[in-house]
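Below is one structure, written out as structure tokens, with a few remarks after it.
The values are calculated or read from the model by the stated rules, or taken from the named source; none is laboratory data. For clarity, every value in this text was computed on a predicted model and none was experimentally measured. Glycine also receives a Cβ, built like all others from the backbone with ideal geometry; neighbour counts cover every protein chain displayed. Surface areas here come from the heavy atoms of the whole protein model, side chains and all, with no ligands, DNA or RNA. Shrake-Rupley method; radii C 1.70, N 1.55, O 1.52, S 1.80 Å.
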Amino acid sequence: MTSTEKVLTQKFETSRIVCWRDKKNELHDEFTALNLPGVEKIEVKNNEFTILYRVLREESEKKFLIFTTGVEPQPEENWLLDLELTYDRFYADQASLWLGELGLGYDCNELTENHSEFFVSPKRRAALKKLLALPEPRNAIRMKMLAVATEADCRIDAVLETLLAELAARDNEKYGDVQKYALDEFLWNEVSSHYGYRSEAPSVKDFALRLFQACYFMTIAPDCPESIRLNDEALVFLKRFKDSRKYLDAFEKCSAIASDTLGIESDLAKRKVEMLGDVDFFKQIDAHILNELASRIRKRTITATDCANIVRSRRQTFWYKRLEHAYLAMDFASQFLHTLNGTKIAVDSLLDGFNCYTKQYYLLDQLYRKFIYHAMAAEQNDLLADLLTMIENFYSNNYLLKLSNLWQEKLDELASWNIHEISKQEKFFSNNIQNILDKDKKIFVIVSDALRYEVAEELCGRIIAENRYEATLESAYSVLPSFTALGMAALLPHKELTVKSAGKTIAVWADGMNTQGTIARAKVLAATCPRSTVVTAEELLSMPKESGRALFRDNDVAYVYHNAIDKQGDDKMTESQTCGAAETAIEEIIIMVKRLVGYNATNIIVTSDHGFIYQNEDLSNDEFLGDEPSGSVLLKVNRRFVIGQGLAPIEGLKKYSLDALGLYGDCEIQIPKSINRLRVQGAGSRYVHGGSSLQEIVIPILKIRKKRGECDTSLVDVDITSGMTVITSGQLAVKCYQQQPVGGKTLPRKLLIGLYSQTGELISNEHELLFDLSSISPRERELTCGLVLTHDAEKYNGQEVVLKLREKESGTTYYKDYQIRKYQLRRQLMDMDF
């Protein structure tokens, strides 16, 4: 059946007579070929009265198709006018056929006349027909034609998003079609009506430039000239476009196009970072903020609190994830300088120095490490080069060297290696493991090579923040020299440790048993605890669940050897990655703890063989000792220690007998004073260990237990403090207040915020908010979040809607309501111009 036959068949369902006028006298052949069962075809050839008599009198029940050619005559000359008015008419020009196909009346012929190019395509007509919900106003139909032409949803903002994406791709096909179909005037009228955009020469690029310009200035300068402004809906539109995952790449490219044309960089030069808040329409905004922060930190003209507040305000912005490392580098640099300025470095005794380090000084090492890690990960040398140099100088000269020199003064007074009242590393097993075994309980020990105390302190906080475990951090001082072979042996059960020469190298023995390697250490462990085993971290992490359960079932104690930090740091080619390796170590240990708890472990200890010193920049010559070590036998020469026999005294090296170190054997030890290094061919110099600095000898003992019942840790409480209860625009600013500062046993809280209908439909974007603020000032524990309403919100206009803070249920993918606030949605929706 042809399209004409379909249309006529539909008309005969409601009308006995249909009058067909072929204005252009071009469809006679189609009339002749028509096949309409039950309908008689009559052609008008100066026989109007005959036709009238026949169809009205002689065959008044029969269906007729009356075909006439030529232009329609004036009413007084049209002898069939009564017939046409009483029954149905069919205009058989192509435009009328299209209208008929779409179910539209002849009164819509202006659509086909003005947009004929659109209707030529059967594919477009079919797509339009699916969208029509007749009867509809003409402009509503045009909106759907625009949607078909641009392959977008039937909304003006959806059409614009599609066209902006095309602009970003440097294409013009869809907008070219809009122009070809003569829909461009309608498009820009709609844009004007919805967003206030007007232009003598409207185009997609012109609209994009105006949109970005207006939203930028309207946000940072509410009193900007009217000539620049668009309406508030334009701001809502750009924020939706920016936050859309579908158009993420398109937004970024449009932003770049706009920033280049509008000269955003020159305008930003006049803006203080405090004015910018969370404005994120251009990447240059973040570049300006980061440059300004770097400058202020270097000049010491910004407080750590103000820096943290600025970084916090950028958390939810478009570019933050890509620039997160740069922002965090600024934050940690500022914290480091603030902490250093407020820290009095003093060592009154060995005990005082050790305690001060575990309570206070370690934080400077931690902040320095975190700064270096994020600065390196940011890969922004131009931005961070001067700041890196500054922080390095302050760390090395004002803290590390100063503390180490004061500590060394106390070490020089020692006859033997002993810090009274502090636990020794050699007593690790008897003090921490044997008491658990004596209670017929099981324990797992994770020995992480070079897990410095400050790294373990961060790990402890991360473990507690999981809110599933109890964790306490204790400390001990290591054996000397503080290197792997001796430190690992000290953690095993033993009564005495012996350092022996083995050819041209050394070996460490525990009660007459070699301790080199995991197999040897397993034998030493088994000699004291037969139900014991040793595994590597790699083995544990790749172990099937049943094997893990067997590991717990069949052993009372298991040592897990982990090597993330020392593996990278102790290699000249990779020592620059030490700070990143510390981050990796924390992540991997957390995974191992979770894995062990899953195997039913309830007692876990994380400890280390030694710490380390790390300085990011290459050392100068004066940081190396000038004299080379010498002696009758040199068994091992390291950057930070010498083991040999008959060692010659050298200024700058402190000499110990093994007896003075609480060890046995036939060797002597020399250790460089303070943080000095020995020159060793081919070895790295920025990451070192083996010496007696606090960073090297303070050993963490992190005790972890799975929570049982109530625990005295708690998450911070959060309140929604926004006073308004009515939403009148397309966006909502929400203020939240964190009631307590984070710290100690008060843990951060992570929440999702979004606006919902009463039926539970999300009608805004959704943000993840991290409440981890540690300031004691209530003003500095406020977070402001901007929500943009979706189009679905329009369905609930005039109704009550719900703002929800939701929290993830631990160990699941489900969220529960943490706090809610009800609002009335009373938006002034724009009327469509029909």
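Against the main long axis of the alpha-carbon atoms of the chain, helix 518-528 sits at an angle near 60°. Accessible surface calculations at 1.4 Å, restricted to protein heavy atoms, place the chain at 45 Å² per residue. Straight-line cross-link partners of residue 270 among the lysines, defined as a Cα under 29 Å from its Cα and at least 8 positions apart when in the same chain: 205, 239, 242, 253, 283, 299, 321, 735. Placing unit charges on each Cβ (+1 for Lys and Arg, -1 for Asp and Glu) gives the chain a dipole about its Cα centre, and among 584, 560, 403 the Cα reaching farthest toward its positive end belongs to 560. In a shell of Cβ-Cβ distance under 10 Å around residue 586, excluding residue 586 itself, what net charge do Lys and Arg (+1) and Asp and Glu (-1) give? Here the count lands on -3.
Of the peptides 153-166, 384-397, the order by per-residue mean of other Cβ atoms within 10 Å, starting with the highest, comes out as 153-166, 384-397.
Computed packing ranks the peptides 247-260, 618-631 as 247-260, 618-631, most packed first, by mean other Cβ atoms within 10 Å. Spin-label pair residue 79-residue 6: with each label point 7 Å from Cα along the Cα-Cβ axis, the two points sit 3.7 nm from one another. Simple rule: put +1 on each Lys or Arg Cβ and -1 on each Asp or Glu Cβ in the chain, find the dipole, and look at 250, 791, 366; the Cα lying farthest toward the positive end is 366.
In summary, the lysines within cross-link reach of residue 636, defined as a Cα separation below 28 angstrom excluding same-chain residues under 8 places away, comprise 410, 424, 427, 495, 500, 504, 523, 567, 572, 654, 655, 673.
Placing unit charges on the Cβ atoms only, positive for Lys and Arg and negative for Asp and Glu, gives the chain a dipole magnitude near 2680 debye about its Cα centre.
With a Förster radius of 60 Å applied to the beta-carbon distance between residue 539 and residue 192, the computed FRET efficiency rounds to 0.30.
With 0.36 nm allotted per residue and the present C-alpha distance subtracted, the residue 495-residue 430 stretch has 22.4 nm of extension available. Could you compute the net charge surrounding residue 362? Neighbours are other residues with a C-beta less than 14 Å from the C-beta of residue 362; K and R count +1, D and E count -1. So the environment of residue 362 carries a net charge of -2. Only DSSP H runs of four or more residues enter the estimate; each adds -39500 (n - 2.57), and after division by the residues of the chain the mean residue ellipticity at 222 nm equals -12000 deg cm²/dmol. Using the average count of surrounding beta-carbon atoms within 10 Å as a protection proxy, the listed peptides 765-774, 537-546, 211-220 rank, highest first, as 211-220, 765-774, 537-546. Taking the centroid of alpha carbons for each part, segment 195-236 and segment 429-493 are 60 Å apart. Near residue 595, once Lys and Arg are set to +1 and Asp and Glu to -1 for all other residues with Cβ below 12 Å from its Cβ, the sum equals +1.
For the chain, the longest principal axis of the Cα atoms and the long axis of helix 362-378 meet at an angle of about 40 degrees.
Once the dipole of segment 417-549 is set up with Lys and Arg at +1 and Asp and Glu at -1 on Cβ about the Cα centre, which of 425, 489, 472 lies farthest towards its positive end? Among 425, 489, 472, the one farthest towards the positive end of the dipole of segment 417-549 is 489.
Computed from the C-beta positions of residue 622 and residue 272 and an R0 of 41 Å, the FRET efficiency is 0.45 to the nearest 0.05. For the chain, the antiparallel share of DSSP beta bridges with both residues in that region comes to about 65%. Applying both filters, DSSP loop and at most 16 other Cβ atoms within 10 Å, to the trypsin sites (Lys or Arg not before Pro) of segment 298-340 gives 300. Taking square-rooted eigenvalues a ≥ b ≥ c of the alpha carbon gyration tensor, is the chain rounded, prolate or oblate, where a/c under 1.5 means rounded and, failing that, a/b exceeding b/c means prolate? Judged from the Cα gyration tensor, the chain comes out prolate (a/c at least 1.5, a/b above b/c).
Within the accessible surface of the chain, defined with a 1.4 Å probe on protein heavy atoms only, the carbon and sulfur portion equals 46 percent.
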